[in-house]
Amino acid sequence: MMYPEYRPRRLRRTESLRALIRETSLSPKHLIYPLFVIHGKDIKQPIEAMPGCFQFSVDRVIKEAREVFDLGINAVLLFGLPEKKDLAGSHAWIKNGVVQNAVSAIKKSVPDLLVVTDVCLCEYTSHGHCGVLSNGRIDNDATLELLVKVALSHARAGADIVAPSDMMDGRVGAIREALDEQGFDQVPILSYAVKYASSFYGPFREAAECAPKSGDRRSYQMDCANAREAMREAMLDLEEGADILMVKPAMPYLDIIRLLRQEFTLPIAAYQVSGEYSMIKAASLKGWLDEARVVEESLLGIRRAGADVIITYFAKDVARNL
Ligand code: PBG
């Protein structure tokens, strides 16, 4: 069918027509809101590089979690800033660690809000790497044992989902096995399956105080140039028992989200990371972009590419605006 018989504009004439045939939808139920939890009392500390985001002490994060849930958002993702860092990152798995305390406090006061925990060591190690550092290298298999401890401690605190973000080989399998052994066979793993060594994580490293003291993360996070490798990473995590596969960052990797969507039947998540957030925020604060519209467009794009779930620092704003 060709113009003038076929006129695509016919279906764009009014909002009701456009809504009738809209292919992709966005709802707060698709979103996960990240939260940074810090040691101490009565703290709500603004994160300079991420305007509108804060570090919360455990007592204050409860109130925030309630607000998130009341906006219709189903899930939060917790990151912890420990009291003390050491070589192994031991405060990542202690019983009364900052994340463990936040999980149990939130589950007690907002039981229906899903609490997802980021399982990694970089916020807890004195060197800022995501694994055990030995002779200047990251020791993969020694790291697995520690990640297992972290995941178990989160599950014991009541986490609904654990999300390993370290990019060590074999971690999904190791965590799955340990969870099953300890009676947590109902705790799903949201795997950061395809996580690139991205410069878009810049603002997060201020928020979570976890920039590596030396070197970078390119020996464990993926090369930004690779797509076929993303399929291998996703395949491995699927075989090791991941329940949800994540691609991170989101906007520069929409092709990867689409690839995974086409190849896998598991739910796909995408992480719109700190740099994506700060970019839009900064331009909006300058009056160069219409924030609400740009945010909706960016999230629709990520959904259209194939993501079921989106982790975004805009979740509360979107829920308010929808
Ligand atoms: C921890 C972790 C990072 C992010 C999520 N988990 C930082 C990193 O890998 O350097 C980044 C999230 C963001 O930028 O919003 N490994």
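Data overview
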item	result
Candidates Arg137, Arg171, filtered to the one that is touching a residue at least 24 places away in the same chain (Cβ under 8 Å), of a type outside the set (Ser, Thr, Tyr) and touching a Pro at 6+ places or on another chain (Cβ under 8 Å)	Arg171
Residue pairs meeting the criteria (Cβ under 8 Å; at least 6 apart or on separate chains; first over 22 Å from Ala75 (Cβ atoms), in segment 190-212; second part of a strand (DSSP E or B) and more than 10 Å from the ligand (Cβ to nearest atom))	Tyr196/Met222; Ala197/Met222; Glu209/Leu81
Residue identified as surrounded by 12 or more Cβ atoms within 10 Å (Cβ to Cβ), assigned to a helix (DSSP H, G or I) and either at pLDDT 95 or above or more than 16 Å from the ligand (Cβ to nearest atom) (or both) among Leu11, Leu17, Leu35, Leu26	Leu17
Scope segment 217-234; condition open to solvent by 70 Å² or more (accessible area, probe 1.4 Å) and touching a residue at least 12 places away in the same chain (Cβ under 8 Å); matching residues	Arg218, Ser219, Asp223
Condition check for Leu146: free of Cβ contacts under 8 Å to residues at least 60 places away in the same chain, in contact with a helix residue (DSSP H, G or I) (Cβ under 8 Å, 6 or more places away or on another chain) and open to solvent by 20 Å² or more (accessible area, probe 1.4 Å)	yes
Those residues of segment 184-200 which are open to solvent by 50 Å² or more (accessible area, probe 1.4 Å), of a type outside the set (D, E, K, R) and away from the ligand (no atom under 12 Å from the Cβ), in sequence order	Gln186
Residues located in segment 123-143, provided they are in a helix (DSSP H, G or I) and crowded, with 21+ Cβ neighbours inside 10 Å	Thr143
Residue ID - surrounded by the fewest Cβ atoms within 10 Å (Cβ to Cβ), chosen from residues in segment 60-105 that are without any contact (Cβ under 8 Å) to a residue 40 or more places away in the chain and closer than 27 Å to Gly136 by Cα	Lys84
Condition broken by Gly301, with the remaining ones in (1) more than 16 Å from the chain's Cα centre (by Cα); (2) more than 16 Å from the ligand (Cβ to nearest atom); (3) of a type outside the set (Val, Ile, Thr); (4) open to solvent by 30 Å² or more (accessible area, probe 1.4 Å) satisfied	(4)
Ile47 vs. criteria out of contact with any Asp or Glu (no Cβ under 9 Å at 6 or more places or on another chain) and touching a residue at least 40 places away in the same chain (Cβ under 8 Å)	no
Pick from segment 219-249, criterion closer than 20 Å to Asn140 by Cβ and of a type in the set (Gly, Ala, Ser), ranking: nearest to the ligand (Cβ to nearest atom)	Ser219
Candidate set from segment 106-122 (those that are open to solvent by less than 40 Å² (accessible area, probe 1.4 Å) and over 17 Å from Ala163 (Cα atoms)); member that is farthest from the ligand (Cβ to nearest atom)	Val110
Selection status of Pro267, open to solvent by less than 10 Å² (accessible area, probe 1.4 Å) and farther than 14 Å from Leu26 by Cβ	no
Selection count, segment 250-298, where residues are closer than 22 Å to Phe204 by Cβ, among the basic types (Lys, Arg) and away from the ligand (no atom under 16 Å from the Cβ)	1
Hey, Ser57 among the small types (Gly, Ala, Ser) and surrounded by fewer than 17 Cβ atoms within 10 Å (Cβ to Cβ) or not	no
Condition check for Pro212: of a type outside the set (A, V, I, L, M), surrounded by fewer than 19 Cβ atoms within 10 Å (Cβ to Cβ) and within 16 Å of the ligand (Cβ to nearest atom)	yes
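The values are calculated or read from the model by the stated rules, or taken from the named source; none is laboratory data. Given the structure is predicted, the values throughout are model-derived calculations rather than measurements. Cβ: placed from backbone, ideal geometry, glycine included. Neighbour counts: every protein chain shown. Note: accessible area is taken over every heavy atom of the protein model, side chains too, but ligands, DNA and RNA are not part of it. Shrake-Rupley method; radii C 1.70, N 1.55, O 1.52, S 1.80 Å.
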